[in-house]
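For reference, the structure is listed below as structure tokens.
Each value in this text was obtained by applying a stated rule to the coordinates, not by laboratory testing. Everything numeric here is computed off the predicted structure, so don't read it as measured data. All Cβ positions, even for glycine, are placed from backbone atoms using ideal geometry, and neighbour counts span all protein chains on display.
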Amino acid sequence: WSAPLKSVFVTFPGDVIKNMTDNQLAEEYLKRYGYIDVLQKSGLQAVVSTSKALMKLQQQLGLEETGSLDQPTIDAMKQPRCGVPDIRN
Amino acid sequence: YQTFEGDLKWDHTDVTYRILNYSPDMEAPLIDDAFARAFKVWSEVTPLTFTRLYDGTADIMISFGRENHGDPYPFDGKDGLLAHAYPPGEGIQGDAHFDDDEYWTLGSGPAIQTRYGNAEGAMCHFPFLFEGTSYSSCTTDGRTDGIPWCATTADYDKDKIFGFCPSELLFTFDGNSNEAPCVFPFVFLGVKYDSCTTDGRTDGYRWCATTANFDTDKKYGFCPNRDTAVIGGNSEGEPCQFPFIFLDKTYTSCTSEGRGDGKLWCATTSNYDTDKKWGFCPDKGYSLFLVAAHEFGHALGLDHSKIKDALMYPMYKYIEDFSLNQDDIEGIQYLYGPKTGPNPTPPKPKTTTSSPVVPTKPTPSEKTTTVSTTTHVGPSQDACEIKEFDAITEIQKELHFFKDRHYWKISSNGERKGPFLISEKWPALPATINSAFEEPLTKKIYFFADKQFWVYTGKEVLGPRKIEKLGLPSDLDRVEGTVQRGKGKVLLFNGENFWKLDVKAQMIDSGYPRSTDSVFGGVPIDSHDVFLHKGFFYFCRESFYWRMNAKRQVDRVGYVRHDLLKC
């Protein structure tokens with residue numbers, strides 16, 4: 001067996017690469033689907049409300065309500081879904 | 001389940017919808033059918049009915065788009081957000097938008113409906129054998145004209161059944177060219193094009209001219225995606241180019257090399273390293289039917305559900321044999337109530353006693369007292385109040401509308417006359433008939449009611465006789481509609497089927513029934529009136545009609561009472 005080829009990762013032009021960090025992905029997801037107010041304050045308040053928002057998302061999606069950005073939650077955020085917000089502001 | 005704030009819902013049950021444009025991923029009839037089935041999911045458990053309009057403003061306007069598509073909520077490229085819809089109300093409310101950077105299928109890979117060939121529109125069968133080779137996509141092998149084709153059974157070598165795959169060389173969609181195929185090369189802004197292009201557009205849709213010069217003729221259409229077309233990337237819709245070179249290696253099929261997300265991609269030119277043209281390979285795609293059923297739930301007033309197995313759960317999940325979850329049913333019935341009773345069974349016509357065939361002269365003992373034939377028209381006999389007629393047909397060039405013992409006529413200048421008593425003009429007939437037609441050559445008028453029919457020649461009548469005598473199946477309960485087809489032939493309709501009657505032989509032609517939607521695609525298959533008028537076929541369901549021209553294209557949908565009865 002030849003040693004596995006070292007995969008070369010290429011940047012494809014026009015690829016809508018969502019090379020966001022998991023935190024950026026979470027931030028965008030929670031805003032887009034109504035879990036955190038778009039006009040969210042920054043700083044400590046933000047951290048608390050993000051954790052609350054994650055709890056709400058985990059409850060909506062039937063995940064363990066940890067309030068933290070764990071792997072099941074990140075995987076769920078990458079699932080294809082409907083664009084209508086889950087929570088109407 | 002959840003509803004929108006204030007329990008937004010439609011204030012009527014006959015909801016209308018209109019498909020504004022199509023996706024290049026699937027043939028229009030497949031998209032039409034997916035949307036119709038998605039509406040049926042909801043009409044089966046509520047009093048709601050859904051009628052498709054082809055112009056004007058409908059309650060639910062359906063469209064495909066990419067990225068920024070005309071509302072404040074842009075789509076996000078392939079995967080992620082698939083579609084969205086707005087709760088009931090005016091304007092954009094109630095509309096449904098589908099992200100065309102997705103690959104729309106029936107949920108389990110390419111849904112390729114064939115055209116021409118000898119497969120009568122059947123779907124491609126993948127894989128299929130051709131000259132001993134197995135194919136998992138359309139091919140141009142075996143042809144010199146470059147038009148992709150496929151077998152519609154597993155083994156072409158044995159069955160020899162095939163059809164042509166969607167290709168811009170065969171047809172285009174939308175645009176202004178009535179599906180005419182592309183003309184290559186064509187000139188656009190002085191430049192010559194040998195293939196479809198997205199130039200001149202910002203929505204990324206591929207198009208072509210359907211004459212040699214767009215600049216002078218302005219004739220164009222959109223290019224259907226071939227089944228090997230890539231999705232997304234920077235070459236949406238272009239077919240994969242095999243073999244292709246990537247990082248100096250040659251690839252003869254899709255690969256995930258070079259990517260960290262494992263998605264399969266291919267180059268759309270022979271050398272990725274030099275041209276950098278690529279896209280994602282077709283995968284299972286997303287079921288347009290399932291996503292549409294979900295979005296239409298929003299358009300009817302349902303918000304997202306927390307039940308994982310509910311249709312209104314926000315995440316997409318492919319389900320082979322779908323049925324609504326109890327949570328969805330409770331949600332939609334909270335808004336609109338349950339389906340009212342069984343499917344309405346039309347009133348049984350009051351069967352006449354088997355009256356003598358030809359009205360006999362009354363003998364003195366039978367002397368009948370003449371009854372005044374002027375009838376006092378109750379309000380219910382105002383033609384414009386009637387939602388659904390028993391029969392509509394053209395007799396002596398005037399459109400006749402029959403309903404419970406009465407009929408009305410519309411003269412060629414649009415004047416409405418009536419009501420008249422049926423028994424006054426055709427005394428042998430029952431109070432309610434199902435359909436009628438005037439035979440163009442002999443001017444005989446055939447009337448159908450339940451399992452019987454009558455033939456009037458002037459005042460003379462033959463009948464009633466059983467419709468079985470014409471060769472119709474013994475279990476056929478009625479003839480709903482009739483269309484004269486020239487040369488002494490008449491089509492007789494009943495729901496999903498129709499038969500061709502040879503009037504001279506008084507017998508149904510062999511090879512029938514055929515299915516209505518295989519020949520008259522796009523009209524309701526439960527029309528209660530079908531008739532020919534001024535060269536157009538009319539199919540009526542409830543208060544609407546679908547008009548089909550001689551080329552079998554539905555070119556108009558409208559209201560019977562406004563457009564035909566001139567109310």
Seminar exercise, completed: Rounded to the nearest 5, the percent of antiparallel DSSP beta bridges in chain B equals 85 percent
Exercise. Among the Cys residues of chain B, which have no other cysteine Cβ under 4.7 angstrom away?
Worked result: B:C540
Exercise. When you look at the Cβ of every residue in B:71-81, what mean number of other chain Cβ atoms sits within 10 Å?
Worked result: 4
Exercise. Over the Cα atoms of chain B, how large are the radius of gyration and the largest Cα-Cα distance (Dmax), in Å?
Worked result: 28.1, 108
Problem set entry | Length-normalised contact order for segment B:189-313 - Cα pairs under 8 Å, 6+ apart - percent | 16 percent
For this session: Can you spot the lysines whose alpha carbon is less than 20 Å from B:K263's alpha carbon? Ignore those fewer than 8 places along the same chain.
Result: A:K6, A:K18, A:K78, B:K78, B:K249, B:K276, B:K277, B:K284, B:K317
Exercise. Which lysines, on any chain, are close to B:K219 with Cα under 16 Å apart, when same-chain ones fewer than 8 places away are left out?
Worked result: B:K192
For this session: Give me D for the protein assembly as shown in µm² s⁻¹, whole number, from Stokes-Einstein with Rh from the Kirkwood sum over alpha-carbon pairs, 20 °C and 1.002 mPa s.
Result: 75 µm²/s
Problem set entry | Antiparallel bridges, percent of DSSP beta bridges restricted to segment B:56-215 (to nearest 5) | 75 percent
Exercise. For chain B, what is the relative contact order in percent, using Cα pairs closer than 8 Å and at least 6 residues apart in sequence?
Worked result: 11 percent
Exercise. How about B:K339: which lysines have a C-alpha closer than 20 Å to its C-alpha, ignoring those fewer than 8 places off in the same chain?
Worked result: B:K9, B:K40, B:K387
Exercise. So for the protein assembly as shown, taking the charge dipole from beta-carbon charges (+1 Lys/Arg, -1 Asp/Glu), which of B:T482, B:H97, B:N225 sits furthest toward the positive end?
Worked result: B:T482
For this session: Round to the nearest 10 and give me the degree value, 0 to 90, for the angle of helix B:28-43's Cα axis relative to the longest principal axis of chain B.
Result: 60 degrees
Seminar exercise, completed: For chain B, the dipole about the Cα centre with charges only on Cβ (Lys and Arg +1, Asp and Glu -1), to the nearest 20 debye, works out at 3180 debye
Problem set entry | Unit charges on C-beta of K, R, D, E only; dipole of segment B:191-265, Debye | 100 debye
Exercise. Given labels modelled 7 Å from the Cα in the Cβ direction, how far is it in nm from B:D194 to B:S515?
Worked result: 4.2 nm
Seminar exercise, completed: Note: A:72-82 gets an average of partner chain Cβ contacts (10 Å, Cβ to Cβ) equal to 5
Seminar exercise, completed: Over chain B, the sum of -39500 (n - 2.57) across DSSP H runs of at least four, divided by residue number and rounded to 500 deg cm²/dmol, gives at 222 nm -2500 deg cm²/dmol
Problem set entry | Considering only segment B:1-127, percent of DSSP beta bridges that pair antiparallel, nearest 5 | 25 percent
Exercise. With +1 on each Lys and Arg Cβ and -1 on each Asp and Glu Cβ, how big is the dipole of segment B:395-460 about its Cα centre, in debye rounded to the nearest 20?
Worked result: 100 debye
Exercise. Which order results if B:E120, B:E257 are arranged by neighbouring Cβ count within 10 Å, fewest first?
Worked result: B:E120, B:E257
Exercise. Can you give the mean number of other chain Cβ atoms that lie within 10 Å of the Cβ atoms in peptide B:302-310?
Worked result: 3
For this session: Would you tally the net charge around A:Q71, using a Cβ to Cβ cut-off of less than 13 Å, leaving A:Q71 out, and scoring K and R as +1, D and E as -1?
Result: -3
For this session: Compute the signed sum of charges (Lys and Arg +1, Asp and Glu -1) over the other residues within less than 13 Å, Cβ to Cβ, of B:L48.
Result: -2
